[in-house]
């Protein structure tokens with residue numbers, strides 16, 4: 001999908017991977033990484049693929065490491081460092097230009113980092129940067145725009161990328177939902193998808209962007225998603241993509257209408273022989289789902305707001321925290337231990353212990369020798385008996401604000417507080433921890449990212465730069481480890497329990513075809529076989545499908561939806577299709593009782609209602625957390641088109657709504673309270689925006705017209721607004737240009753109905 005002028009820029013040839021002496025001779029020992037604890041089953045799973053033998057176990061391919069627990073068995077790491085650098089500082093290099101909030105990863109001798117691009121300029125966006133892990137020199141960068149987002153520029157690049165050693169690909173989810181699969185060696189885009197246009201991913205002010213995670217042949221991402229059709233209500237939803245092709249393998253979520261968005265990244269693990277994806281949800285629950293199917297395993301109700309901490313899995317136990325209001329009572333914050341072997345809602349049956357009023361809402365804990373090391377939001381370290389939850393030492397004050405998660409490696413805990421205090425701690429059986437070394441980052445430098453380790457080097461990203469820390473006088477090595485927990489053999493359960501239809505969600509044009517694949521899974525979420533015959537296909541909606549699963553969309557030019565059902569015995573799997581024709585489009589609501597089913601994010605937030613003698617679409621004010629939103633009509637690769645509509649705003653307490661049209665990643669917004677007309681791409685960072693005064697009245701019909709075009713390598717945006725029924729003005733009311741253009745994007749609508757309702761009719765989209 002085209003999105004901006006130069007998504008990929010190769011700055012230098014790919015650097016060679018460098019190996020430190022002594023590491024690779026013991027690399028095979030690092031398949032599992034969790035230390036043994038007294039009285040606990042502490043085997044921790046490593047996210048394994050069929051080609052796991054090809055994985056360098058010293059690589060750090062996920063922000064919490066290959067075992068998802070912030071623990072490494074590397075030895076010979078630094079005991080001290082000086083952020084000022086110089087002789088004896090143990091700072092091998094620092095990149096002042098790459099500071100930010102993202103935790104880096106390391107794969108195949110390269111560092112990958114998500115960060116801001118050209119900050120505080122009219123060209124600002126987001127980028128994935130690839131560096132030589134030894135020298136810190138840039139190998140390539142992939143730049144892309146932030147568009148149709150409420151995220152402030154200071155929160156850009158907060159997510160982390162993940163790497164797949166099997167393919168060498170790197171996966172990055174930008175703050176506005178632009179998801180890319182990149183070649184790790186070159187930065188070339190393998191495939192991409194605009195998640196908000198395609199699925200209705202919400203890009204909120206908080207910048208809460210979940211991290212992609214790899215499981216087998218899938219890359220899985222999640223967010224609060226509003227969707228289309230029966231998925232129009234928002235929910236924390238996951239999409240499992242084929243990691244090589246981007247095909248949508250499964251699409252599922254938690255309860256509708258979540259409390260909040262979430263930062264919590266998932267953990268791939270094995271629970272009682274079953275592969276699981278464990279995460280904190282926007283609905284306030286800790287969930288475990290099957291990563292290959294998206295089917296739920298269990299959930300634990302924990303908070304009245306979304307969870308932001310990545311759960312820690314130790315054997316068959318899950319530890320999680322939050323700093324919001326608890327489900328019961330009014331106490332704020334808690335940490336909990338959950339027996340992860342249950343099914344369904346385990347809130348009342350599988351809670352092992354819980355400590356309320358502990359504000360554990362940001363930093364994920366670590367585990368070592370039967371103890372949990374938990375850093376609360378005020379940067380206080382709590383050391384707990386993992387089996388009972390009882391404190392085993394006095395609380396240790398480290399600072400005032402904590403966001404990063406700790407790293408345990410070489411028998412030490414490496415941590416940095418948000419306000420710039422760094423510590424190297426050593427667990428002590430009696431005292432809890434010893435402060436081996438500590439200090440401060442340079443004045444004004446903050447730390448939001450977590451430290452990582454790979455091949456004897458610790459990498460720490462701060463707002464002041466990316467540090468590489470290494471004691472070259474030491475010989476690196478690896479300590480002994482336990483084997484990972486093993487998944488139940490497929491042969492132990494050969495009975496089919498779930499039918500998966502791939503792709504789970506398709507967007508087609510009239511007359512296009514789609515080949516479907518049907519897979520059978522057992523109760524454990526393990527693949528049994530892919531079926532070539534014996535499937536009974538049926539359709540609910542237009543089109544045809546043959547016995548081999550080849551679907552043919554109808555040739556008529558109407559917007560429609562079709563449900564594909566695949567029956568195998570008593571089991572049924574389903575997949576959804578939207579049929580969206582080529583331009584031109586015209587939408588009136590005279591024959592409709594609901595907004596068009598194919599529109600992403602339209603239903604639930606809008607209704608069809610009679611007004612002034614005919615049906616119109618109304619954006620209502622009574623939708624919680626949905627009065628300010630966007631919706632999209634179809635294909636995100638569209639460009640050079642005009643969208644127009646009749647619009648009217650109501651008035652409540654002398655306040656008018658904001659009404660907007662979306663085209664090609666830009667919004668033309670008629671603002672009620674400010675009485676202005678604005679063209680923009682990114683709300684908090686008006687990098688290319690044009691704003692003019694424009695007086696308009698409530699309860700009066702107007703016509704809006706918004707044209708997008710790419711001319712001489714720039715996006716040229718033109719708009720008009722006039723009273724409906726009057727002659728169209730010959731001149732454009734407002735014009736704007738973007739030197740770093742969005743080259744494509746779905747047409748759609750923007751509205752802020754917080755103060756008053758919005759009415760829309762006669763919506764048209766046509767080629768220029």
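Just to be sure I understand, how many residues within the stretch 134-157 are outside any strand (DSSP E or B), crowded, with 24+ Cβ neighbours inside 10 Å and in contact with a strand residue (DSSP E or B) (Cβ under 8 Å, 6 or more places away or on another chain)?
6
Considering every residue within the stretch 474-490, establish whether at least one is in contact (Cβ under 8 Å) with a residue 60 or more places away in the chain, surrounded by fewer than 19 Cβ atoms within 10 Å (Cβ to Cβ), in contact with a helix residue (DSSP H, G or I) (Cβ under 9 Å, 6 or more places away or on another chain) and not in a strand (DSSP E or B).
yes
In this structure, does residue 117 turn out to be modelled with pLDDT of 95 or more, surrounded by fewer than 24 Cβ atoms within 10 Å (Cβ to Cβ), within 27 Å of residue 714 (Cβ to Cβ) and not assigned by TED's automatic domain parsing to the domain that holds residue 632? Working first, answer last.
Values: modelled with pLDDT of 95 or more: yes; surrounded by fewer than 24 Cβ atoms within 10 Å (Cβ to Cβ): yes; within 27 Å of residue 714 (Cβ to Cβ): yes; not assigned by TED's automatic domain parsing to the domain that holds residue 632: yes.
Criteria met by residue 117.
Out of the stretch 530-546, which residues are more than 30 Å from residue 581 (Cα to Cα) and surrounded by 12 or more Cβ atoms within 10 Å (Cβ to Cβ)? First the steps, then the outcome.
Our first condition is that a residue be more than 30 Å from residue 581 (Cα to Cα); within the stretch 530-546, this holds for 530-534.
Listed by number, the list holds a single entry, 531.
If I ask for residues that are assigned to a loop (DSSP other than H, G, I, E, B) and modelled with pLDDT under 95, which ones from the stretch 178-205 would you list? So that I can check it myself, show each step before the final result.
Quick first cut of the stretch 178-205, residues assigned to a loop (DSSP other than H, G, I, E, B) only: 184-188, 200, 202-205.
Those that are assigned to a loop (DSSP other than H, G, I, E, B) and modelled with pLDDT under 95: 200, 202, 203, 204, 205.
Identify, by number, the condition in (1) under 30 Å from the mean Cα position of the chain (by Cα); (2) not in a strand (DSSP E or B) that residue 667 doesn't meet.
It fails just one condition, (2).
State yes or no: is residue 89 part of a loop (DSSP other than H, G, I, E, B) and either buried (at least 21 other Cβ atoms within 10 Å of the Cβ) or at pLDDT below 95 (or both)?
Values: part of a loop (DSSP other than H, G, I, E, B): yes; either buried (at least 21 other Cβ atoms within 10 Å of the Cβ) or at pLDDT below 95 (or both): no.
So residue 89 does not fit the description; no.
Looking at the stretch 145-189, which of its residues are without any contact (Cβ under 8 Å) to a residue 40 or more places away in the chain and under 15 Å from residue 244 (Cα atoms)?
Answer for the stretch 145-189, where residues must be without any contact (Cβ under 8 Å) to a residue 40 or more places away in the chain and under 15 Å from residue 244 (Cα atoms): just 183.
List every residue pair whose Cβ atoms sit under 7 Å apart, with the two residues 6 or more apart in sequence or on different chains, where the first one lies in the stretch 729-748 and is without any contact (Cβ under 8 Å) to a residue 40 or more places away in the chain and the second, anywhere, is buried (at least 24 other Cβ atoms within 10 Å of the Cβ).
Note: pairs meeting the criteria are 732/719.
Tell me, please, whether a residue that is surrounded by 17 or more Cβ atoms within 10 Å (Cβ to Cβ), within 15 Å of residue 312 (Cα to Cα), assigned by TED's automatic domain parsing to the domain that holds residue 470 and at pLDDT 95 or above can be found in the stretch 345-352.
No, there is no match, as no residue in the stretch 345-352 is surrounded by 17 or more Cβ atoms within 10 Å (Cβ to Cβ), within 15 Å of residue 312 (Cα to Cα), assigned by TED's automatic domain parsing to the domain that holds residue 470 and at pLDDT 95 or above.
Name the residues in the stretch 49-66 that are touching a strand residue (DSSP E or B) at 6+ places or on another chain (Cβ under 9 Å) and modelled with pLDDT under 50, would you?
Of everything in the stretch 49-66, just one residue is touching a strand residue (DSSP E or B) at 6+ places or on another chain (Cβ under 9 Å) and modelled with pLDDT under 50, namely 49.
Rundown of residues vs (1) in contact (Cβ under 8 Å) with a residue 40 or more places away in the chain; (2) more than 23 Å from residue 198 (Cα to Cα), yes/no style:
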{"position": "521", "(1), (2)": "yes, yes"}
{"position": "527", "(1), (2)": "yes, yes"}
{"position": "536", "(1), (2)": "no, yes"}
{"position": "539", "(1), (2)": "no, no"}
{"position": "543", "(1), (2)": "no, no"}
{"position": "572", "(1), (2)": "yes, yes"}
{"position": "577", "(1), (2)": "yes, no"}
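Please enumerate the residues belonging to the stretch 158-177 that are assigned to a loop (DSSP other than H, G, I, E, B) and within 15 Å of residue 116 (Cβ to Cβ).
To start, the set of residues in the stretch 158-177 that are assigned to a loop (DSSP other than H, G, I, E, B) comprises 158-161, 165-168, 174-177.
Correct list: 158, 159, 160, 161, 174, 175, 176.
Pull out all pairs, ordered by first then second residue, where Cβ-Cβ is under 7 Å, the residues are six or more apart or on different chains, the first lies in the stretch 222-235 and is more than 22 Å from residue 278 (Cα to Cα) and assigned by TED's automatic domain parsing to the domain that holds residue 196, and the second is part of a helix (DSSP H, G or I) and modelled with pLDDT of 90 or more.
227/199
Show me the strands (runs of 3 or more DSSP E) found entirely inside the stretch 540-610 where at least 3 residues are touching a helix residue (DSSP H, G or I) at 6+ places or on another chain (Cβ under 7 Å) and on the phi > 0 side of the Ramachandran plot. It would help to see each step written out before you state the result.
Numbers: elements: 550-552, 560-568, 571-579, 585-587.
No strands (runs of 3 or more DSSP E) qualify here.
For residues in the stretch 624-641 being touching a strand residue (DSSP E or B) at 6+ places or on another chain (Cβ under 8 Å) and assigned to a loop (DSSP other than H, G, I, E, B), which is surrounded by the most Cβ atoms within 10 Å (Cβ to Cβ)? Give the steps one after another, and end with the answer.
Our first condition is that a residue be touching a strand residue (DSSP E or B) at 6+ places or on another chain (Cβ under 8 Å); within the stretch 624-641, this holds for 627-636, 639-641.
Keeping just the survivors that are assigned to a loop (DSSP other than H, G, I, E, B) gives 627, 633-636, 639-640.
Values: 627: 20, 633: 23, 634: 26, 635: 21, 636: 24, 639: 20, 640: 18.
Within the stretch 624-641, the match that is surrounded by the most Cβ atoms within 10 Å (Cβ to Cβ) is 634.
The values are calculated or read from the model by the stated rules, or taken from the named source; none is laboratory data. As the structure is a prediction and not an experimental result, all values here were calculated from the model. Cβ sites come from the backbone with ideal geometry, for glycine too, and all protein chains shown count toward neighbours.
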